[in-house]
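Scroll down for the structure; my scribbles are underneath it.
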Amino acid sequence: MDEQIEDFLHDLRIERGLAANTISSYRLDLKEFREFLERQKITDITKVDQLTMLNFLKQQQTNGKSRNSVTRMVSTLRHFFQYLVQNDQLTVDPMAEVKAPKKSRPLPQVLTVTEVDALLAAPDTTNKYGIRDRAILEVMYATGLRVSELVHLKMGELHLEMGLIQTIGKGNKERIIPIGDVAIDWINRYLNESRPLLLKQRTSPYLFLNAHGSGLSRQSIWQKIQQYVSVAGIRKHVTPHTLRHSFATHILENGADLRIVQELLGHSDISTTQIYTHISKKHLTEVYRKAHPRA
């Protein structure tokens, strides 16, 4: 098998022009696989089958390898056995039906309730921009809106007297979201004291406006959050998604059902799960008001 490994690595280097570090990673993975075969008394590569591969990958997980490491190993072995088949050294690819585990994705940073309070209090609300920014932060934390949904939020989508807003999310899917009294108060203050000054006799369908009376961009929201994170003295990497994730985490911690959180966030899989269609908007609002710390 050593010769086959070296031929494969040579092909990676000469034919595909891969970097030395990449080839070194392939070599280490294949060395580990070869040592496994030796322990299994398998000396003929043609005797390797799908069961052999599954046992090897299971051992990788048992030995504490991370999901990402196992995924990389699967990729290495898949390329190796494809090479052997293409060069007529094997007739059957034992990796053909083996699926890699999904790569794990680290959770976004979450703020504590105290950190959220500090962030929301950071804007200077003695001027029109600070009032607007406070309203933006309050809405993001109160609703879990994506930043793209926030910047496209229109005046006609506010139903503040009912404690609701509507938004169009991914896949052009509309959803109705409860919004707490604190956020509503700041929206109303922004509408009364700040937005008319930003409009300057112009018109715009969008709720949140820049200094020229036009809708804000996602980049400007990101920049404002960085500014207020610094003012609040928060030493975490905070993005607009951090407020969205903090929203979900905090209401879960306060007893909200996971299925309701999924509906509030507008996750796409909610539309494929029939049970969620039976959750009434009234029940959704009741659970939200009981669970969200600023409702």
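The values are calculated or read from the model by the stated rules, or taken from the named source; none is laboratory data. Source: prediction; values computed, not measured. Here the Cβ is made from the backbone with ideal geometry for all residues, glycine too, and neighbour counts use every protein chain on show. All accessible areas refer to the heavy atoms of the entire protein, side chains included, with ligands and DNA or RNA removed. Shrake-Rupley method; radii C 1.70, N 1.55, O 1.52, S 1.80 Å.
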Of all residues in the range 224-262, count the ones that are over 16 Å from the mean Cα position of the chain (by Cα) and either of a type outside the set (S, T, N, Q) or assigned to a helix (DSSP H, G or I) (or both).
23
For the range 12-46 the number of residues that are β-branched (Val, Ile, Thr) and in contact (Cβ under 8 Å) with a residue 24 or more places away in the chain is 3
Quick check on my filter: what residues within the range 201-223 are under 22 Å from residue 168 (Cα atoms), assigned to a loop (DSSP other than H, G, I, E, B) and touching a residue at least 60 places away in the same chain (Cβ under 8 Å)?
208, 216, 217
Based on what the data block shows, is residue 53 outside any helix (DSSP H, G or I), open to solvent by less than 70 Å² (accessible area, probe 1.4 Å), at negative phi and in contact with a helix residue (DSSP H, G or I) (Cβ under 8 Å, 6 or more places away or on another chain)?
no
Which pairs turn up if I take residues in the range 134-148 that are closer than 17 Å to residue 160 by Cβ and look for partners that are among the polar types (S, T, N, Q) with beta carbon separation below 6 Å, at least 6 apart in sequence or on another chain?
134/125
Looking at (1) without any contact (Cβ under 8 Å) to a residue 60 or more places away in the chain; (2) under 15 Å from residue 4 (Cα atoms); (3) touching a helix residue (DSSP H, G or I) at 6+ places or on another chain (Cβ under 7 Å); (4) open to solvent by 40 Å² or more (accessible area, probe 1.4 Å), which is the one condition that is false for residue 97?
(2)
Condition first: surrounded by fewer than 21 Cβ atoms within 10 Å (Cβ to Cβ), touching a helix residue (DSSP H, G or I) at 6+ places or on another chain (Cβ under 8 Å) and closer than 17 Å to residue 294 by Cβ. Can you find one or more residues in the range 205-227 that meet it?
no
Kindly provide the set of residues from the range 233-243 that are touching a residue at least 60 places away in the same chain (Cβ under 8 Å), open to solvent by 30 Å² or more (accessible area, probe 1.4 Å) and closer than 15 Å to residue 114 by Cα, ordered by number.
233, 236
Please work out which one of (1) open to solvent by 20 Å² or more (accessible area, probe 1.4 Å); (2) modelled with pLDDT under 95 is the condition residue 265 fails and give its number.
(1)
What residue, of 198, 160, 191, is in contact (Cβ under 8 Å) with a residue 40 or more places away in the chain, hydrophobic (A, V, I, L, M, F, W, C) and surrounded by 14 or more Cβ atoms within 10 Å (Cβ to Cβ)?
198
Could you tell me whether residue 99 is over 30 Å from residue 233 (Cα atoms) and touching a strand residue (DSSP E or B) at 6+ places or on another chain (Cβ under 7 Å)?
no
If we ask which residues in the range 120-157 are open to solvent by less than 40 Å² (accessible area, probe 1.4 Å), of a type in the set (A, V, I, L, M, F, W, C) and not in a helix (DSSP H, G or I), their number turns out to be 3
Do we have any residue at all in the range 23-38 that's more than 19 Å from residue 100 (Cα to Cα) and among the acidic types (Asp, Glu)?
yes
Looking at 31, 41, can you tell me which residue is in a helix (DSSP H, G or I), surrounded by fewer than 14 Cβ atoms within 10 Å (Cβ to Cβ) and among the basic types (Lys, Arg)?
31
